[in-house]
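To start, the structure under review is shown below, and the notes come after it.
The numbers here are math on the coordinates, done by the rules we state, and not lab data. Because the structure is predicted, anything quoted here is derived from the model rather than measured. Quick reminder, even Gly has a Cβ in these numbers, built from the backbone with ideal geometry, and neighbours come from all protein chains shown.
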Amino acid sequence: MPHTFEAIKAIIFDLDDTLYDCSGTLVRSRRLKAARVIAEAVGCSEKEADELQRNLDEQKTPNGDLYETIGRQYSLPVSFLEDIKKAFSEVSISGIEPFAGVTDTLKDLKNRGLALFLVTVGEREEQEKKVRVLGLDGLFDEIIILDPGTFGSEAKKVGFREILDRHGLRPEEVLCAGDRMDRELKVASELGIYTAMVKHGRHYQHFISDSKGGGEPDMHIESVADLSGILPVRRPSR
Ligand SMILES: [Mg+2]
């Protein structure tokens, strides 16, 4: 379906693996930490524990946490999840940085008069800290952080609807940039929002390796930095 980018007034960004490398930094470090805990609890090698996590990750356990699944599968005590949480807390998020060109692109799009939003699912304090560490706070018109415990797989839909309603935007005036088809771009598409999938991270890898489908984005981009060249220059509105 042809789409005119002239109509786009706002962009909704995802955070993890869209604006910075989450899979290659935080997720990787946490999984290595968790592998130790799993190996200990299950009685396997850390390498096997790493494999187990990879095989079971979010894509395949849509209705539950990967570690809850492992706990159930191996009948592990409740303390297993506490140990995982503790291992995770040892991974610092202070070292993350935006993908190349992201900060300049956001500034450029903002200067062109586009409204920029961030919709992310996760623990509030942690997501807020990521945005601060990345130096991206202040670049968005609004940041919405949704608790997966409250909203589950519907979280992004809640966030997208809030933005459309609160900012008086029609879906066709909005572009959504993210790395994930299920729970994210698919939902945006259902609301009539134009979707751009970035080629980053584990969800993108799942998407290209899983031929079962589950939808297609309207557009693939290498990175958010590509948006500068794609979107029109709007008259600054503020
Ligand atoms: Mg993401």
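Just tell me which lysines come within less than 21 Å, Cα to Cα, of Lys157; anything on the same chain fewer than 8 places away is out.
Within the straight-line limit of under 21 Å, Lys157 reaches these lysines: Lys9, Lys60, Lys186.
So between Glu172 and Glu68, what do we pick up on full extension, going 0.36 nm a residue minus the alpha carbon distance?
Taking Glu172 through Glu68 to full extension adds about 33.5 nm, to one decimal.
Putting +1 on Lys and Arg Cβ atoms and -1 on Asp and Glu Cβ atoms, find which of Leu175, Val121, Val233 reaches farthest to the positive end of the dipole of the chain.
The residue sitting most towards the positive pole is Val233.
HN-Hα J couplings of the range 139-153 from phi, Karplus 6.51/-1.76/1.60, θ = phi - 60°, integer Hz, Gly and Pro as x?
Along the range 139-153, the couplings run 8, 9, 5, 7, 10, 10, 10, 10, 7, x, x, 8, 9, x, 6 Hz.
Based on the mean of other beta carbon atoms within 10 Å per residue, what is the order of 74-85, 217-228, most packed first?
217-228, 74-85
What is the helix-to-structure angle for 155-166, meaning the angle in degrees between its Cα long axis and the longest Cα principal axis of the chain, kept from 0 to 90 and rounded to the nearest 10?
20
Within the range 31-54, what residues put their amide N at less than 19 Å from the label point 7 Å along the Cα-to-Cβ vector of Asp210?
Only 51-54 pass the distance filter.
Glu90 to Phe5: FRET efficiency via 1/(1 + (r/R0)^6), r the Cβ-Cβ distance, R0 45 Å, to the nearest 0.05?
After rounding to 0.05, the efficiency reads 0.55.
About the Cα centre of the range 24-89, what is the dipole size in debye to 20, counting +1 per Lys and Arg Cβ and -1 per Asp and Glu Cβ, all else neutral?
180
Kirkwood hydrodynamic radius (Cα pairs, Å) of the range 19-89?
Taking the inverse mean of 1/r over all distinct Cα pairs, the range 19-89 comes out at 12.2 Å.
If packing is taken as the average number of other Cβ atoms within 10 Å across a peptide's residues, how do 92-99, 19-26 rank, most packed first?
Order by mean packing, descending: 19-26, 92-99.
Using the count of nearby Cβ atoms within 10 Å as a rough guide to exposure, how do Lys199, Lys130, Lys47, Lys157 rank from fewest to most?
Lys47, Lys199, Lys157, Lys130
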